[in-house]
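Colleague: This structure is in structure tokens; I'll ask about it shortly.
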Amino acid sequence: MMNSAFSDRTAQVLEEAERLKLHCQHEDALALLEQLVISDPENVAALEEIADNELSLEQYDRALRAARRAVELDPQSYMGHYIIGFVASLREDWMGSEQELQRANQLKPNNPEILRCLGWALFHKEKRVQGIVTLERSLNLDPENTLSLCDLGVCYLHVRNLKKAHNLFERALRLDPANERARECAAAVAKLKRRGEK
């Protein structure tokens, strides 16, 4: 009976932490989650959430520590593998990134965010076609994701498919007119097109 009450309490804390995270109150969410891990050091869900919140705060070393601990406790933690792969990608460790993101994708197939990061890593690991195809899949699953639109646009820009790149950046700007990355990339495409016309 004690265990059941503890489980209910744990579920409530995780739920509240999730609510805080969705409202960008990452420090408050972390305070709750850290208390949970103090009382239950092997709580994988809490560790995953700590890693996710630290990622949002750009505390990459802390996110990595929590994600690695989650994977150590539960090798099936797709969130743990995803975060390790994401941080590796930020550090341009494309091999490590691909390996972790492939594992996350096996554990949680058809997740647009995992596929987006995996496509980006593959493209930068010189698996360009596979990277573009993976990014296209991510975008098909989440057609209004401006991160996917921009990532795919940048990849098409690199392979000099200016028309596709332009269309993707325009779509991103329609969805988010203040998107600085999309605006800068659209300007780069326009400049390359003008050069090509001369």
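Colleague: So, in the range 120-138, of the ones that are in contact (Cβ under 8 Å) with a residue 24 or more places away in the chain and closer than 18 Å to Cys185 by Cβ, which residue ends up farthest from the chain's Cα centre (by Cα)?
Modeller: Within the range 120-138, the match that is farthest from the chain's Cα centre (by Cα) is Arg128.
Colleague: Separate question: For the range 173-186, how many residues are aliphatic (A, V, I, L, M), over 17 Å from Asn161 (Cβ atoms) and either open to solvent by 40 Å² or more (accessible area, probe 1.4 Å) or in contact with a His (Cβ under 9 Å, 6 or more places away or on another chain) (or both)?
Modeller: 2
Colleague: Looking at the range 26-56 only, could you name the residues that are among the acidic types (Asp, Glu) and assigned to a helix (DSSP H, G or I)?
Modeller: Residues satisfying the conditions are Glu27, Asp28, Glu34, Glu48, Glu49, Asp52, Glu54.
Colleague: Follow-up question, since we're still on this one. Quick one: Gln76 ticks every box in (1) polar (S, T, N, Q); (2) surrounded by 23 or more Cβ atoms within 10 Å (Cβ to Cβ); (3) farther than 14 Å from Phe123 by Cα bar one, so which box is it?
Modeller: Tallying (1) polar (S, T, N, Q); (2) surrounded by 23 or more Cβ atoms within 10 Å (Cβ to Cβ); (3) farther than 14 Å from Phe123 by Cα, Gln76 fails exactly one: (2).
Colleague: Considering only the range 146-164, state which residues are in a helix (DSSP H, G or I), hydrophobic (A, V, I, L, M, F, W, C) and open to solvent by 10 Å² or more (accessible area, probe 1.4 Å). Working first, answer last.
Modeller: Step one: list which residues in the range 146-164 are in a helix (DSSP H, G or I), which gives 146-158, 162-164.
Now restrict to residues that are hydrophobic (A, V, I, L, M, F, W, C): 147, 149-150, 152, 154-155, 157, 162.
Across the range 146-164, the qualifying residues are Leu147, Val154, Leu157, Leu162.
Colleague: Same structure, new question: All but one of (1) open to solvent by 30 Å² or more (accessible area, probe 1.4 Å); (2) over 13 Å from the mean Cα position of the chain (by Cα) hold for Leu30; which doesn't?
Modeller: (1)
Colleague: Give me the pairs: first residue in the range 9-31 and on the phi > 0 side of the Ramachandran plot, second residue part of a helix (DSSP H, G or I) and not aliphatic (A, V, I, L, M), beta-carbon distance under 9 Å, and six or more apart or on different chains, which are they?
Modeller: From residues that are on the phi > 0 side of the Ramachandran plot, the pairs are Cys24/Ser56.
Colleague: Has the range 45-60 got at least one residue that is loosely packed, with under 14 Cβ neighbours inside 10 Å, more than 21 Å from Val87 (Cα to Cα) and out of contact with any helix residue (DSSP H, G or I) (no Cβ under 7 Å at 6 or more places or on another chain)?
Modeller: no
Colleague: Here's another thing I want to ask about it. Can you tell me which residue among Ser56, Ser77 is at pLDDT below 95 and either hydroxyl-bearing (Ser, Thr, Tyr) or in contact with a strand residue (DSSP E or B) (Cβ under 9 Å, 6 or more places away or on another chain) (or both)?
Modeller: Values: Ser77 fails: at pLDDT below 95.
The unique qualifying residue is Ser56.
Colleague: Could you look through the range 61-73, keep only residues that are crowded, with 19+ Cβ neighbours inside 10 Å and touching a residue at least 24 places away in the same chain (Cβ under 8 Å), and pick out the one that is nearest to Ala88 (Cα to Cα)?
Modeller: Checked the range 61-73; the qualifying residue nearest to Ala88 (Cα to Cα) is Ala63.
Colleague: Against the conditions (1) surrounded by fewer than 16 Cβ atoms within 10 Å (Cβ to Cβ); (2) at pLDDT 90 or above; (3) not β-branched (Val, Ile, Thr), where does Gln12 fall short? Just the number, please.
Modeller: (2)
Colleague: Check Gln130 against each of (1) farther than 18 Å from Gly85 by Cα; (2) open to solvent by 10 Å² or more (accessible area, probe 1.4 Å); (3) not charged (D, E, K, R) and name the one condition it does not meet.
Modeller: The one condition Gln130 does not meet is (1).
Colleague: Would you please name the residue that is farthest from the chain's Cα centre (by Cα), looking only at residues in the range 67-119 that are assigned to a helix (DSSP H, G or I) and of a type in the set (Lys, Arg)?
Modeller: Arg69
The values are calculated or read from the model by the stated rules, or taken from the named source; none is laboratory data. Not measured: the values here are computed from a predicted model. Cβ atoms come from the backbone with ideal geometry, glycine included; neighbour counts cover every protein chain shown. All accessible areas refer to the heavy atoms of the entire protein, side chains included, with ligands and DNA or RNA removed. Shrake-Rupley method; radii C 1.70, N 1.55, O 1.52, S 1.80 Å.
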